[in-house]
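Everything below concerns the one structure shown next.
The values are calculated or read from the model by the stated rules, or taken from the named source; none is laboratory data. Model, not experiment: these values are computed from the prediction. Cβ placement follows ideal geometry from the backbone for every residue including glycine, while neighbour counts extend to all protein chains displayed. Accessible surface is based on the protein model in full, side chains and every heavy atom, while ligands, DNA and RNA are left aside. Shrake-Rupley method; radii C 1.70, N 1.55, O 1.52, S 1.80 Å.
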Amino acid sequence: MAQRTERADALRNREAILAAADALFAHSSSPTSVSMDDIAAAAGVGKGTLFRRFGDRAGLIGAVIASRLGPLQQAVREAQDAGESSPRQQVVDLLNASLRFKIENRRLMSAAEDAGLSSPYQAEHYGWWHEILRVALEHVPGVHNADFTAHALLAAIRADLVAHLIDDQKMEPEALRSALAAYIDNVLGKGPDTTQHEQ
């Protein structure tokens with residue numbers, strides 16, 4: 001009984017820390033300006049608890065990113081399971097969903113890199129995006145290496161590139177989405193979905 005209570009307390013602490021960190025990151029000009037002390041105080045836990053649960057700032061930021069990604073990944077799975085779109089349209093929808101997430105969370109993802117998270121290619125969420133994109137690409141006519149093509153398409157929307165284009169070069173998000181659509185056409189060729197849209 002005591003062990004179950006301890007596990008429940010640990011889960012509540014984890015959820016409280018994630019909620020506090022998410023809220024503080026969302027309302028700050030930069031996630032790097034939020035201290036671990038601020039997060040611990042907002043969550044109502046000791047700083048030691050925070051470090052025991054997440055290890056360091058990088059681990060905490062990675063966990064917040066994963067929690068924000070969860071609902072989007074669920075929506076993507078449901079759309080994939082419905083099977084209402086062609087494989088090519090699935091590729092477009094997947095990349096648009098990933099781009100939208102990176103635009104909305106670009107400061108957090110940049111902070112993750114600054115905090116010392118490992119290569120983005122080693123991140124769990126990158127592996128998930130790559131795998132679901134690769135599977136869709138395998139059914140797109142003319143794609144000869146779905147694995148490499150998935151990497152190449154995801155490279156076009158790296159978080160640091162998205163942040164550079166929007167924050168440094170002042171590119172509007174809609175212009176970035178249009179540029180991505182054109183790039184997809186260049187890589188995959190214009191499919192029937194694109195032709196129908198243009199008519």
Of the candidates Ile132, Thr32, Gln90, the farthest towards the positive dipole end of the chain (Lys/Arg Cβ +1, Asp/Glu Cβ -1, centred on the Cα centre) is Thr32
Using only Cα atoms, find the angle between the long axis of helix 87-104 and the longest principal axis of the chain, and express it within 0 to 90 degrees, rounded to the nearest 10. 40
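Taking the Cβ of Leu154 as the center, what net charge do the other residues with Cβ under 12 Å away carry, scoring Lys and Arg +1 and Asp and Glu -1?
Values: positive: Lys102, Arg134, Arg158; negative: Glu131, Asp147.
Its environment carries a net charge of +1.
Would you tally the net charge around Ile17, using a Cβ to Cβ cut-off of less than 15 Å, leaving Ile17 out, and scoring K and R as +1, D and E as -1? Intermediate results must be reported in sequence, preceding the final value.
On the way: positive: Arg12, Arg14, Lys47, Arg52, Arg53, Arg57, Arg68; negative: Asp9, Glu15, Asp22, Asp37, Asp38, Asp56.
For residues surrounding Ile17, the net value is +1.
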Spelling out what I want: for every residue of region 29-36, take phi, set θ = phi - 60°, compute 6.51 cos²θ - 1.76 cosθ + 1.60 (Karplus), and round to whole Hz; glycine and proline get x. 5, 8, x, 5, 7, 8, 8, 5
Return the distance in nm (one decimal) between the two label points of a simple spin-label model at Ala10 and Asp81, each offset 7 Å from Cα along Cα→Cβ. 3.0
Place a label point 7 angstrom from the Cα of Ala175 along the Cα-to-Cβ direction, then list the residues of region 89-110 whose backbone nitrogen is under 18 Å away. 100, 103-104
For region 62-136, state which chymotrypsin sites (Phe, Trp or Tyr not before Pro) are in a DSSP loop and have at most 11 other beta carbons lying within 10 Å of their beta carbon. none
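If you place +1 on the Cβ of every Lys and Arg and -1 on the Cβ of every Asp and Glu, how big does the dipole about the Cα centre of region 121-182 come out, in debye to the nearest 20? Walk me through the intermediate numbers first.
Working: 4 positive and 9 negative charges, 27 e Å.
Its charge dipole is roughly 140 debye.
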Rg (one decimal) and Dmax (whole number) from the Cα set of region 22-169, in Å, equal 17.2, 56
With every protein chain kept in place and ligands, DNA and RNA left out, what is the accessible area per residue of the chain? Probe 1.4 Å, answer in Å². 56
Which distance in Å, rounded to a whole number, links the C-alpha centroids of region 30-63 and region 132-178? 31
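Output the peptides 30-36, 79-85 sorted from most to least packed, where packing is the average of other Cβ atoms within 10 Å over each peptide's residues. Walk me through the numbers before you get to the answer.
Details: 30-36: 15.9, 79-85: 11.4.
In descending order of packing, they fall as 30-36, 79-85.
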Convex hull (Cα only) mean projected area of region 1-67, reported in nm² to one decimal: 4.3
Taking 0.36 nm per residue of sequence separation and subtracting the Cα-Cα distance, how much length would be gained by fully extending the chain between Asn186 and His27, in nm to one decimal? 53.4 nm
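When the accessible area of the chain is computed with all protein chains present and a 1.4 Å probe, what percentage of it is carbon and sulfur?
Values: 5690 of 11090 Å².
Answer for the chain: carbon and sulfur cover 51 percent of the accessible area.
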